[in-house]
1. Counting only residues that are within 9 Å of the ligand (Cβ to nearest atom) and in contact with a strand residue (DSSP E or B) (Cβ under 8 Å, 6 or more places away or on another chain), how many does the range 150-169 have?
2. Mind checking which residues of the range 104-149 are in a helix (DSSP H, G or I), touching a residue at least 60 places away in the same chain (Cβ under 8 Å) and near the ligand (Cβ under 9 Å from one of its atoms)?
3. With respect to Gly195, is the statement that it is touching a residue at least 40 places away in the same chain (Cβ under 8 Å), near the ligand (Cβ under 9 Å from one of its atoms) and at negative phi true?
4. With the requirement that a residue be part of a loop (DSSP other than H, G, I, E, B) and within 10 Å of the ligand (Cβ to nearest atom), what does the range 91-103 give you?
5. Which is modelled with pLDDT of 90 or more and of a type outside the set (Lys, Arg), of Asp329, Asp294?
6. Go through the residues of the range 203-223 one by one and say whether even a single one is in contact with a Cys (Cβ under 8 Å, 6 or more places away or on another chain), more than 10 Å from the ligand (Cβ to nearest atom) and either at positive phi or aromatic (Phe, Trp, Tyr) (or both).
7. Please go through the range 243-260 and pick out each residue that is crowded, with 22+ Cβ neighbours inside 10 Å and more than 24 Å from Phe124 (Cα to Cα).
Amino acid sequence: MASSVLNGADNLKLMRGIAPTGSVFLGSNFHVKGLLKKNLVSYSQRTRTIAPKCSVSSSRPASQPRFIQHKKEAFWFYRFLSIVYDHVINPGHWTEDMRDDALEPADLNDRNLIVVDVGGGTGFTTLGIVKHVDAKNVTILDQSPHQLAKAKEKEPLKDCKIIEGDAEDLPFPTDYADRYVSAGSIEYWPDPQRGIKEAYRVLKIGGKACLIGPVYPTFWLSRFFADVWMLFPKEEEYIEWFEKAGFKDVQLKRIGPKWYRGVRRHGLIMGCSVTGVKPFSGDSPLQLGPKAEDVEKPVNPFVFFLRFILGALAATYYVFVPIYMWLKDQIVPKGRPI
Ligand SMILES: C[S@@+](CC[C@H](N)C(=O)[O-])C[C@H]1O[C@@H](n2cnc3c(N)ncnc32)[C@H](O)[C@@H]1O
């Protein structure tokens, strides 16, 4: 895994009262020193923040369409992508060493832990989970039967429970699991805050959520394609969603393919691992209104098709980014920035 550390996170530092050099402003209790070395950023509820003009998780403007950040579009996207997912997506964006690094803060320290892997897809992340936890205690949930069919074929996952479901409305009782894991799925959820609130609800008191997801690009072209395709949250948005859901001890660990040498300007489909601990039993203290997307509502097939094609085209850009970065890594002498 690459150690990207501070570049591209100035927003986060400023919001949290930290100078871009990593030094801490007086009065902040942001746990930075030492954590930065480990690529970890830690927050506490008492952190003094410089309040932004509006909430970072407020709706993005319509000028940022994000075509595949809808359940129906995501369903059809994975209808096709599931055929090649393990062979095309994972090698460029989500390698085994990244996965193991990202799961490390989840503290999978007991084989008897009850774990839910939400948006578990073809089971690539679940393969990392069952190294530490008995497969019979692990449930893989996904809205795509096509992705789950691939998970069912994997021998180490044969004892896992595999179910279809929605990350924003989980079919598990309150206070059910010891660990909630979700990797690379939040970007498709129309209402990410609702999904994280669900993570809180299904965990037992003291249970831990580990959400692995994209990070927003800073380079203009990458930002354009990211915004057309799906949700690439900013680091501070993850933190805000976790804290609002009620999680304590919220931490963010930066991850990335090692050949990127820490570059984050193009965004990353798997760019951080965010963890939080559930401090009290019961539901999340956060109250939300109705769901953002009503999947029962009929859609205009022409609009749907157009959105789908545009979203899929934008996604193609991100097939080439890791190849471009790999070529740069081959060409630029080691130890030099790329
Ligand atoms: C990039 S794949 C990640 C799969 C797997 N976690 C991994 O690490 O390889 C994203 C998955 O999220 C699923 N997904 C998208 N929206 C969802 C939702 N609302 N509820 C459940 N799963 C969802 C997709 O079907 C897809 O399988």
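The values are calculated or read from the model by the stated rules, or taken from the named source; none is laboratory data. If you're wondering where the values come from, they're calculated on a predicted model, not measured in any experiment. Note that each Cβ is placed from the backbone with ideal geometry, even for glycine, and that neighbours are counted across all protein chains shown.
1. Count: 4.
2. Passing the criteria: Thr125, His146, Gln147.
3. Yes.
4. Trp94
5. None of the other options fit; the residue is Asp329.
6. Scanning the range 203-223, I find no residue that is in contact with a Cys (Cβ under 8 Å, 6 or more places away or on another chain), more than 10 Å from the ligand (Cβ to nearest atom) and either at positive phi or aromatic (Phe, Trp, Tyr) (or both), so the answer is no.
7. Within the range 243-260, Ala245, Phe247, Val250 qualify.
Each row is one residue, and each column tells you yes or no for (1) touching a Pro at 6+ places or on another chain (Cβ under 9 Å); (2) at pLDDT below 95.
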| site | (1), (2) |
| --- | --- |
| Arg223 | yes, yes |
| Asp227 | yes, yes |
| Leu231 | yes, yes |
| Glu235 | no, no |
| Tyr238 | yes, no |
| Glu243 | no, no |
